[in-house]
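Have a look at the structure below, then the notes.
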Amino acid sequence: MSAGTDKTKPVDHAGAAAAFVADTPHLAFHDRRLWELRQKRDGQMHVIPEWQELRSLASAIKEHTLSRLADYLEQFEAQAKARGVTVHWARNAEEHNATVLRIMREHKAKTLAKSKSMLTEECEMAPFLERHGITITETDLGERIQQLDGQAPSHIVVPAVHKLREDVARVFARTIGGDPNNADPNALAEHARVTTRPLMLDADIGMTGANFLVAETGAVVVCTNEGNADLSANIPKVHIVSAGIEKLIPRQADLGVFIRLLSRSALGSPITQYTSHFRGPRAGAEMHIILVDNGRSQRLGEEDFWPSLKCIRCGACMNTCPVYRRSGGLSYGAVYSGPIGAIINPSYDPMRYSTLPFASTLNGSCTSVCPVKINIHDQLYKWRRVIAERGLLPKNKALSLRIAGYVLASPRLYRLATGAARMAVRHLPRALLYSKLNSWGRDREVPAAPKESFAAWAARNRPVKR
Amino acid sequence: MSAREDILARLRERRPDGEFPLPVLPSFPGIEGDLVAAFQQNLAAMGGQCVHLPDREALDPFLCARLGASRLIRTSTDELPGFARTDAVTDPRDLENVHTGIVRARFGVAETGSLFLSGRELQVNTIAYLAQHLVVLLDPAAIVPGIADAYLRDDFTSTNYVSLMTGPSATADIEGVMIRGAQGVRSLTVVFAKPIFTDPTRPADARQA
């Protein structure tokens, strides 16, 4: 499920965001719902005195693991194999998808019930398998809604957060039946339950993602709320786990840090309803783990950007980001949206995702809430520099930034420019001030300009004694 | 070169410069005092309920009264001879029509109201998900204070499958409206009851483990 269509052009984030902003009911709900998640996260944080220490520990554990990732992967693989798990390795999305298809074919399997996995989105696995005659059922409610609507998830934790209940009712009525006019969330969720459970019961193979892989014990840890991941893994005879290689943590005891942080950061709940640990197949069943690189080893060698591999996919940075809340996940045109998406996606395709690092006010809120202390806003800034240096800025932005750099480097030009701006704001007719020429006047009132500059005021009131 | 060797070689070649020592995990002061009360309160916040019985003998009558005779009930514990067992079941799908499953948790976690249930306690893992409702027996003496305490135990490596379950299945994927009963059980009730058959290899009091 690729989010964009033309992969040769930069994602038009601003354009897509403008369309989202124009739809007032959706925008208002989206903004309010995500801010509510942020506030619930804060509430959880305040009842844990050691919260900041947990963040530091989580960051240090992840940095340590990434610095020896090859060793920990070998340890994990040995542990998993010893428990009868088949471990596969995939350099990229193509190898991952081919591995899944091979396992499906070996079992003459036609149906796959899967729980949430951003990695399979990243690999565009669903369209690939569908082309090969496999029927896939997304079993997480949000993912199911998005699958039925033919849309990518718009948020890594709450995939359909941009939809209102009426939207869900219409999608269901169109695809799996139901009354398009009954938008009661209880009725909709019940309808999803009674139509999805039979598909899980009939599935040939079940698939889950992974939140953590524990090197010491070979455990795959999956954190979910709906019970769909445990059903998908525990009903069919084959369980496939798709996991990015950065999911490793060294010790079981480290889960005592990460599990305490994950759901509190993500949803503001102390833990997910189910925190499940898979170390091997059930009697008479098979378990496969596919360890996927897909650009991660490349990023590990990038001095400025490797700390983004610490991400535990909680979505806190998205919930707190004013730009994300008011532009919607789909506007990023990428698998990962929000601040974390804006620093991950460019490492895959700097041209295509060149606009995303600019979808930020650099307020640093993302960095403040990140449970593993990724320096997200620093990386946003550094990506802007990389994009400018590679000549990937749009022409008008490149030109205006060059002029701004020239003006800001010269005190005389700066005084002239600010003087002119002050006069313009005070004396230009509204028709001109709020025209296309002034992007600062779009959708808002320009603040009243003072009569004189600070420099002039200071020269009058605080003359420098020589 | 195989994908495995290729990936491992690249990771070694591109590992970040600098020393990143693995931190020693400190022990944070956790919940003190009444662990049962804390467990109950935190489980309630996640949608689960707790029941206190006057004594062990009250368990069977309580379950019969609550569940009714007409319901399809399966239990995974060997301490309730009056109920049909799950271990006669071979296919996990066979539990699809179970109304209520009854299992015994190995221990609980006060910080979150979580229950430790492994393949050993569940016998058929789907009992905890395919049943419409789940009743979990828990020894009130077997509650550890925090999640970090739980992960210091070796119970997690005793079987291939372990879940920390905290309340019933839930979703808030439609407009953030909390709905208990997503794909798994619709309700989860903890009944505090000491086990009748104690496993001599395990200490009864988890806090001493």
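The values are calculated or read from the model by the stated rules, or taken from the named source; none is laboratory data. Every value quoted in this text rests on a predicted model; they were computed, and no experiment measured them. For neighbour counting, all protein chains shown are included, and Cβ atoms are generated from backbone atoms with ideal geometry for every residue, glycine included.
Summary table
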item: Among the candidates A:Arg299, A:Arg325, residue that is basic (Lys, Arg) and facing another protein chain (nearest Cβ under 10 Å); result: A:Arg299
item: Segment B:10-43, subset facing chain A (nearest Cβ under 8 Å) and part of a helix (DSSP H, G or I), residue farthest from A:Leu309 (Cα to Cα); result: B:Asn42
item: Single residue of segment B:47-71 satisfying the filter (touching a strand residue (DSSP E or B) at 6+ places or on another chain (Cβ under 8 Å) and hydrophobic (A, V, I, L, M, F, W, C)) that is farthest from B:Leu122 (Cα to Cα); result: B:Leu53
item: When residues of segment A:193-209 are limited to those that are surrounded by 22 or more Cβ atoms within 10 Å (Cβ to Cβ) and more than 8 Å from chain B (Cβ to nearest Cβ), the one nearest to A:Gln75 (Cα to Cα); result: A:Gly209
item: For A:Arg282: the one exception among (1) over 22 Å from the mean Cα position of the chain (by Cα); (2) under 22 Å from B:Tyr151 (Cα atoms); result: (2)
item: Number of positions in segment B:179-193 that are touching a residue at least 60 places away in the same chain (Cβ under 8 Å) and either at the interface with chain A (Cβ under 7 Å from one of its Cβ atoms) or not aromatic (Phe, Trp, Tyr) (or both); result: 8
item: Any hit, segment A:126-143, residues being among the hydroxyl-bearing types (Ser, Thr, Tyr), surrounded by 23 or more Cβ atoms within 10 Å (Cβ to Cβ) and closer than 17 Å to A:Ile312 by Cα; result: no
item: Any hit, segment B:58-78, residues being within 14 Å of another protein chain (Cβ to nearest Cβ) and either surrounded by 16 or more Cβ atoms within 10 Å (Cβ to Cβ) or part of a loop (DSSP other than H, G, I, E, B) (or both); result: yes
item: Every pair of residues 6+ apart whose Cβ atoms lie under 6 Å, when the first sits in segment A:161-181 and is within 14 Å of chain B (Cβ to nearest Cβ) and within 30 Å of A:Trp35 (Cβ to Cβ) while the second is of a type in the set (Ser, Thr, Tyr) and in a loop (DSSP other than H, G, I, E, B); result: A:His162/A:Ser154
item: Positions within segment A:209-263 being aliphatic (A, V, I, L, M), closer than 18 Å to A:Val87 by Cβ and touching a His at 6+ places or on another chain (Cβ under 9 Å), in sequence order; result: A:Val214, A:Ala219, A:Val220, A:Val221, A:Val222, A:Ala233, A:Val238, A:Ile240, A:Val241
item: Subset of segment A:52-70 (residues that are of a type outside the set (A, V, I, L, M), at the interface with chain B (Cβ under 10 Å from one of its Cβ atoms) and in contact (Cβ under 8 Å) with a residue 12 or more places away in the chain); result: A:Ser56, A:Ser59, A:Lys62, A:Glu63, A:His64, A:Thr65
item: Positions within segment A:415-451 being without any contact (Cβ under 8 Å) to a residue 24 or more places away in the chain, in a loop (DSSP other than H, G, I, E, B) and surrounded by 11 or more Cβ atoms within 10 Å (Cβ to Cβ), in sequence order; result: A:Leu428, A:Tyr434, A:Ser435, A:Asn438, A:Val446
item: Residue among A:His96, A:His64 that is surrounded by fewer than 20 Cβ atoms within 10 Å (Cβ to Cβ) and part of a helix (DSSP H, G or I); result: A:His64
item: Residue within segment B:129-141 that is within 14 Å of the chain's Cα centre (by Cα), surrounded by 23 or more Cβ atoms within 10 Å (Cβ to Cβ) and not in a strand (DSSP E or B) present; result: yes
item: Pick from segment A:128-148, criterion assigned to a loop (DSSP other than H, G, I, E, B) and touching a residue at least 24 places away in the same chain (Cβ under 8 Å), ranking: farthest from A:Met207 (Cα to Cα); result: A:His132
item: Residue in segment B:106-118 that is nearest to the other protein chains (Cβ to nearest Cβ), counting only those that are polar (S, T, N, Q) and surrounded by 24 or more Cβ atoms within 10 Å (Cβ to Cβ); result: B:Thr112
item: Matching residues, segment A:99-115, being of a type outside the set (Gly, Ala, Ser), within 15 Å of A:His288 (Cβ to Cβ) and either assigned to a loop (DSSP other than H, G, I, E, B) or away from chain B (no Cβ under 12 Å) (or both); result: A:Val100, A:Leu101, A:Arg102, A:Ile103, A:Met104, A:Arg105, A:Glu106, A:His107, A:Leu112, A:Lys114
item: B:Arg56 over 25 Å from A:Ile271 (Cα atoms) and modelled with pLDDT of 85 or more; result: no
item: Boolean, A:Ser368 is within 25 Å of A:Phe258 (Cβ to Cβ) and at pLDDT below 95; result: no
item: Residue match in segment A:244-267 (condition: farther than 23 Å from A:Cys370 by Cα and either under 23 Å from the mean Cα position of the chain (by Cα) or in the same structural domain as A:Val100 (by TED's automatic domain parsing) (or both)); result: no
item: Candidates A:Glu143, A:Glu95, A:Glu77, filtered to the one that is within 11 Å of another protein chain (Cβ to nearest Cβ), acidic (Asp, Glu) and in contact with a Lys or Arg (Cβ under 6 Å, 6 or more places away or on another chain); result: A:Glu143
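Matching residues to (1) buried (at least 22 other Cβ atoms within 10 Å of the Cβ); (2) at pLDDT below 95; (3) within 13 Å of chain A (Cβ to nearest Cβ); (4) more than 17 Å from the chain's Cα centre (by Cα):
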| site | (1), (2), (3), (4) |
| --- | --- |
| B:Leu80 | no, yes, no, yes |
| B:Arg120 | no, yes, yes, no |
| B:Ala148 | yes, no, yes, no |
| B:Thr159 | no, yes, yes, no |
| B:Ser169 | yes, no, yes, no |
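Quick grid of which residues meet (1) of a type in the set (Lys, Arg); (2) under 27 Å from A:Val241 (Cβ atoms); (3) not in a loop (DSSP other than H, G, I, E, B):
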site: A:Leu119; (1), (2), (3): no, yes, yes
site: A:Ala126; (1), (2), (3): no, yes, yes
site: A:Gln151; (1), (2), (3): no, yes, no
site: A:Val158; (1), (2), (3): no, yes, no
site: A:Leu188; (1), (2), (3): no, no, yes
